[in-house]
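A.B. asks: Starting off with a structure, shown below.
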2 protein chains.
Amino acid sequence: MRNGHTSIAAKKQVAGRSRVTISDVADDLGVTKSTVSRALNGYPDIAEATRLRISRAAERLGYRPLAHAQAIRTGRVRSLGLVLQIDADDGARPFLANFIAGVTQAASEENWTITIATAESEKGVRETLSRLVDEHKADGFILPRTLLRDRRVETLRAQNIPFIMFGRTEDPTDCAWYDIKGEDAMRAATARLISLGHTRIAHVPGGQEYTYSKLRIEGYRAGLDAAGLVFDPDLVGAPALTGRDGDASVRALLSLPEPPTAFTFAVDRAALGAYRTARDLGLRIGEDISIIAYDGLPEGAYADPGLTTFAVNSRQAGERLARLLIKRIRGTAPEDLRELAPATLVERGSDRPPRLSSADLALRLKTNSLI
Amino acid sequence: MRNGHTSIAAKKQVAGRSRVTISDVADDLGVTKSTVSRALNGYPDIAEATRLRISRAAERLGYRPLAHAQAIRTGRVRSLGLVLQIDADDGARPFLANFIAGVTQAASEENWTITIATAESEKGVRETLSRLVDEHKADGFILPRTLLRDRRVETLRAQNIPFIMFGRTEDPTDCAWYDIKGEDAMRAATARLISLGHTRIAHVPGGQEYTYSKLRIEGYRAGLDAAGLVFDPDLVGAPALTGRDGDASVRALLSLPEPPTAFTFAVDRAALGAYRTARDLGLRIGEDISIIAYDGLPEGAYADPGLTTFAVNSRQAGERLARLLIKRIRGTAPEDLRELAPATLVERGSDRPPRLSSADLALRLKTNSLI
DNA sequence: AAAATCCTCGAAACCGGTTTCGGCAAGGGA
DNA sequence: TCCCTTGCCGAAACCGGTTTCGAGGATTTT
């Protein structure tokens with residue numbers, strides 16, 4: 001009997017024709033599909049014996065519920081949304097692969113998937129986000145690169161759509177987040193340079209609109225404070241996210257009357273720009289000037305000398321973000337979904353004790369420029 | 001009258017309560033939802049005037065059909081699948097962001113989305129692929145990094161699931177693809193080194209199981225043939241995908257009795273390993289030995305001297321792949337969906353005329369090793 | 001022993017769409 | 001004028017699930 005029924009389902013599958021549906025499972029056992037559905041979804045009004053028979057049959061027949069068929073009734077598509085902003089100069093994101101790997105790993109353990117979209121501008125991101133929301137392509141969203149005042153957050157919050165931020169924001173109301181303690185990293189970087197003997201230490205911040213940028217400046221400042229050094233606003237350079245801007249920012253800082261002998265950078269890419277500055281000005285990194293940055297880009301290992309930096313574990317970040325978001329979607333309050341993780345120091349060769357004092361460095365620069 | 005109806009729909013929306021459905025549109029106009037559906041989907045049995053009224057009303061009410069609700073009847077979820085293999089040593093894929101940007105751009109122009117998953121092994125990729133197929137999370141798949149004999153292809157082909165390869169494969173039956181002409185690039189690289197005056201030119205291939213690897217070796221060989229140089233199997237090094245392996249492969253080649261003065265690499269990462277070799281052996285790249293690679297990684301620009309390489313436009317690749325796959329899903333025959341694009345040379349400093357002959361280089365290496 | 005309660009499951013409605021089928025009215029041909 | 005098309009749309013079934021409701025039998029309570 002059971003075999004007779006089974007062969008029908010089997011035939012369906014072999015024919016490549018339509019899939020095994022919930023009705024096939026129901027027919028195979030002689031129950032109704034409503035019973036199968038409730039059994040598989042853990043409703044309490046199904047006898048344990050029945051539940052067992054059903055789940056075994058489902059397994060045997062290879063039944064897989066169709067997420068989008070479930071979604072039409074439940075409103076859940078079991079998918080996490082991720083909208084990336086990819087500008088021309090920022091296309092290279094080496095961590096992205098790891099980040100995505102983390103997200104998808106966590107997601108697929110719960111049998112969720114992730115829906116990705118991209119846009120080129122901030123406005124484009126919001127529009128894309130709206131489209132995904134309208135078409136309900138995802139049950140919730142991961143928001144990377146959060147701004148101090150983030151309009152994505154405002155939109156989603158207003159529509160009551162679950163989301164989690166990778167980063168923090170100014171107004172944390174109803175926000176869940178995961179973030180790396182960039183402020184701690186910058187404090188540690190500054191402390192480290194001080195312990196190496198530097199006293200004129202600059203900071204090249206990231207984009208002002210980003211929350212992390214503000215936090216990292218605060219960390220830098222905290223590092224100075226802890227050592228009793230006074231914070232000099234002149235030593236906070238122009239914001240830089242790219243090599244080109246980093247180069248410019250460093251040049252400006254070096255042309256101060258009392259130039260810094262060490263630099264902290266909010267982002268690696270800006271720090272890599274300093275290598276060009278150094279080459280052009282005849283300085284040697286790790287000797288004439290020291291630098292410590294943040295991100296952990298692989299490029300940093302290829303620079304000469306290698307870039308000392310605080311690396312973030314993007315894979316772990318993706319994983320945690322996915323898990324937190326799923327919890328959020330399932331109803332946990334956002335206040336209970338906030339996590340911070342540390343960045344880890346990768347020591348390479350770009351930070352060493354100063355060979356020149358600030359004054360000597362200034363002199364040296366003047367001399368070099370005359371050649 | 002119309003306003004009366006409209007306000008009901010509007011109220012639904014304002015309340016944040018359920019969305020605007022096809023029935024709302026139908027009610028607003030006093031027609032049935034079947035008419036609305038057919039009007040919006042271009043069925044021929046709807047009067048032009050009616051179609052216009054309906055599409056205007058849909059627009060006005062902000063109606064967006066739910067892709068997953070449509071899917072349950074049509075079997076199309078309007079999503080492209082992408083399963084990435086992310087191994088530990090290969091996590092850094094700088095092109096990934098651009099690639100994804102290309103895919104999503106093309107996809108969203110047609111109002112499709114992309115569903116991404118990752119796995120860590122070849123087997124894991126196939127399992128993940130199966131899961132996505134079983135749950136019908138995507139209507140078709142993009143297969144990156146194709147192998148000469150690719151089991152993903154065999155599976156999908158057998159189940160008659162639309163797919164497109166990024167790369168080619170041994171048995172092209174029923175396969176659509178987009179690929180970069182790596183063979184042409186390697187031929188050009190070899191020809192370029194020959195025209196600079198090199199005569200002992202090595203090639204460090206990629207993973208043997210990959211199709212591109214075989215093609216690039218062929219290109220290298222074609223470059224030699226074109227100049228009348230004989231192909232020496234000893235000058236094809238050990239396969240290398242990472243810096244470490246590239247380093248080892250180059251060392252072995254340099255220890256030949258007649259070492260090569262120039263190297264072509266199937267992949268940039270292996271070529272970057274040669275910088276370490278050179279440093280260790282006291283050689284100067286671009287002077288004592290020349291190298292040309294392939295991929296266009298941004299790291300290459302930070303190496304000293306910069307790595308000359310053939311760059312692939314990953315964004316364009318993603319875009320084309322998405323468009324071709326959508327066509328495939330809509331029914332175009334795979335034979336009509338095959339495209340090749342060229343890689344473009346990025347000239348930096350790693351390839352120059354030889355300063356030493358092969359014999360002199362051998363001598364020099366022996367001397368250096370004695371120090 | 002009768003009544004109330006509990007456990008378990010079937011029946012049917014429902015989710016938001018698509019698609020088939022048939023009917024009605026207008027138009028064309030004989 | 002009558003019949004046959006044709007054009008256009010409504011009615012209803014359908015897709016693959018979930019969820020509500022209620023009925024029947026078994027158990028427990030009184």
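A.B. asks: Out of B:Arg152, B:Arg187, B:Arg157, B:Arg131, report the one residue that is under 26 Å from B:Ala293 (Cα atoms) and not small (Gly, Ala, Ser).
C.D. replies: B:Arg187
A.B. asks: Next up: So the check is Cβ under 8 Å with 6+ separation or different chains; which pairs have a first residue in region A:17-43 that's touching a residue at least 40 places away in the same chain (Cβ under 8 Å) and a second one that's near DNA strand C (Cβ under 10 Å from one of its atoms)?
C.D. replies: From region A:17-43, the pairs are A:Ile22/A:Lys33; A:Ile22/A:Val36; A:Ile22/A:Ser37.
A.B. asks: Among A:Thr211, A:Thr242, A:Thr199, which is modelled with pLDDT under 95 and either of a type outside the set (Gly, Ala, Ser) or out of contact with any helix residue (DSSP H, G or I) (no Cβ under 6 Å at 6 or more places or on another chain) (or both)?
C.D. replies: Answer to the check: A:Thr242.
A.B. asks: Determine whether B:Pro239 is closer than 18 Å to B:Ser290 by Cβ, more than 14 Å from chain A (Cβ to nearest Cβ) and in contact with a strand residue (DSSP E or B) (Cβ under 9 Å, 6 or more places away or on another chain).
C.D. replies: In short, no.
A.B. asks: Moving on. Taking A:Arg279, is it farther than 20 Å from A:Arg145 by Cβ, open to solvent by 10 Å² or more (accessible area, probe 1.4 Å) and at pLDDT below 95?
C.D. replies: For A:Arg279, the condition - farther than 20 Å from A:Arg145 by Cβ, open to solvent by 10 Å² or more (accessible area, probe 1.4 Å) and at pLDDT below 95 - is met.
A.B. asks: Kindly indicate whether any position in region A:84-95 is farther than 15 Å from B:Thr104 by Cβ and crowded, with 23+ Cβ neighbours inside 10 Å.
C.D. replies: yes
A.B. asks: Take the conditions closer than 30 Å to A:Leu82 by Cα, under 22 Å from the mean Cα position of the chain (by Cα) and open to solvent by 70 Å² or more (accessible area, probe 1.4 Å) and apply them to A:Leu325. Does it pass?
C.D. replies: So A:Leu325 fails the test.
A.B. asks: Can I ask one more? Does region A:342-349 include one or more residues that are crowded, with 20+ Cβ neighbours inside 10 Å, in a loop (DSSP other than H, G, I, E, B), on the phi > 0 side of the Ramachandran plot and in contact (Cβ under 8 Å) with a residue 12 or more places away in the chain?
C.D. replies: no
A.B. asks: Right, another one. Mind checking which residues of region B:20-43 are within 11 Å of DNA strand C (Cβ to nearest atom) and surrounded by fewer than 15 Cβ atoms within 10 Å (Cβ to Cβ)?
C.D. replies: B:Ser23, B:Thr32, B:Lys33, B:Ser34, B:Asn41, B:Gly42, B:Tyr43 - these are the residues of region B:20-43 that are within 11 Å of DNA strand C (Cβ to nearest atom) and surrounded by fewer than 15 Cβ atoms within 10 Å (Cβ to Cβ).
A.B. asks: Which one is nearest to A:Gly286 (Cα to Cα) among residues in region A:301-331 that are without any contact (Cβ under 8 Å) to a residue 12 or more places away in the chain and more than 14 Å from every other protein chain (Cβ to nearest Cβ)?
C.D. replies: A:Lys327
A.B. asks: Still on this structure, please answer the following. Pick from A:Thr332, A:Thr367: which is open to solvent by less than 50 Å² (accessible area, probe 1.4 Å) and out of contact with any His (no Cβ under 6 Å at 6 or more places or on another chain)?
C.D. replies: After ruling out the rest, the residue left standing is A:Thr332.
A.B. asks: To continue, here is another question. Can you tell me which of B:Thr115, B:Thr50 is surrounded by fewer than 20 Cβ atoms within 10 Å (Cβ to Cβ) and of a type in the set (S, T, N, Q)?
C.D. replies: Exactly one of B:Thr115, B:Thr50 is surrounded by fewer than 20 Cβ atoms within 10 Å (Cβ to Cβ) and of a type in the set (S, T, N, Q), namely B:Thr50.
A.B. asks: Still on this structure, please answer the following. Considering only residues that are in contact with a helix residue (DSSP H, G or I) (Cβ under 9 Å, 6 or more places away or on another chain), surrounded by fewer than 20 Cβ atoms within 10 Å (Cβ to Cβ) and at pLDDT 95 or above, which ones fall in region B:248-276?
C.D. replies: B:Ala248, B:Arg251, B:Ser255, B:Leu256, B:Pro257, B:Glu258, listed by residue number.
A.B. asks: I'd like the full set of residues that are surrounded by fewer than 16 Cβ atoms within 10 Å (Cβ to Cβ) and over 30 Å from A:Glu122 (Cα atoms), limited to region A:200-232.
C.D. replies: Within region A:200-232, A:Asp225, A:Ala226, A:Ala227, A:Gly228, A:Val230, A:Phe231, A:Asp232 meet the criteria.
A.B. asks: How many residues, within region A:286-302, are more than 24 Å from the chain's Cα centre (by Cα) and open to solvent by 10 Å² or more (accessible area, probe 1.4 Å)?
C.D. replies: Adding up the residues that qualify gives 1.
A.B. asks: On to the next question. Which residue, of B:Ala359, B:Ala293, B:Ala303, is touching a Leu at 6+ places or on another chain (Cβ under 8 Å), modelled with pLDDT of 95 or more and not acidic (Asp, Glu)?
C.D. replies: Every option except B:Ala293 fails the conditions.
A.B. asks: Condition check: more than 20 Å from B:Thr113 (Cβ to Cβ) and either out of contact with any helix residue (DSSP H, G or I) (no Cβ under 6 Å at 6 or more places or on another chain) or open to solvent by less than 10 Å² (accessible area, probe 1.4 Å) (or both). Does A:Pro172 satisfy that?
C.D. replies: Here the answer is yes, as A:Pro172 does meet what is asked.
A.B. asks: Please work out if A:Arg60 is more than 10 Å from DNA strand C (Cβ to nearest atom), in contact (Cβ under 8 Å) with a residue 12 or more places away in the chain and not assigned by TED's automatic domain parsing to the domain that holds A:Trp112.
C.D. replies: Against the criterion (more than 10 Å from DNA strand C (Cβ to nearest atom), in contact (Cβ under 8 Å) with a residue 12 or more places away in the chain and not assigned by TED's automatic domain parsing to the domain that holds A:Trp112), A:Arg60 qualifies.
A.B. asks: Return yes or no: is A:Glu59 surrounded by fewer than 22 Cβ atoms within 10 Å (Cβ to Cβ), away from DNA strand D (no atom under 16 Å from the Cβ) and within 14 Å of chain B (Cβ to nearest Cβ)?
C.D. replies: For A:Glu59, the condition - surrounded by fewer than 22 Cβ atoms within 10 Å (Cβ to Cβ), away from DNA strand D (no atom under 16 Å from the Cβ) and within 14 Å of chain B (Cβ to nearest Cβ) - is not met.
A.B. asks: Something else: Report yes if some residue within region A:99-107 is assigned to a loop (DSSP other than H, G, I, E, B) and either more than 8 Å from chain B (Cβ to nearest Cβ) or near DNA strand C (Cβ under 10 Å from one of its atoms) (or both); otherwise report no.
C.D. replies: No: region A:99-107 contains no residue that is assigned to a loop (DSSP other than H, G, I, E, B) and either more than 8 Å from chain B (Cβ to nearest Cβ) or near DNA strand C (Cβ under 10 Å from one of its atoms) (or both).
The values are calculated or read from the model by the stated rules, or taken from the named source; none is laboratory data. Nothing here was measured: the structure is a model prediction, and the numbers come from that model. Positions of Cβ are generated from backbone atoms using ideal geometry, with glycine treated the same way; all protein chains shown enter the neighbour counts. Note: accessible area is taken over every heavy atom of the protein model, side chains too, but ligands, DNA and RNA are not part of it. Shrake-Rupley method; radii C 1.70, N 1.55, O 1.52, S 1.80 Å.
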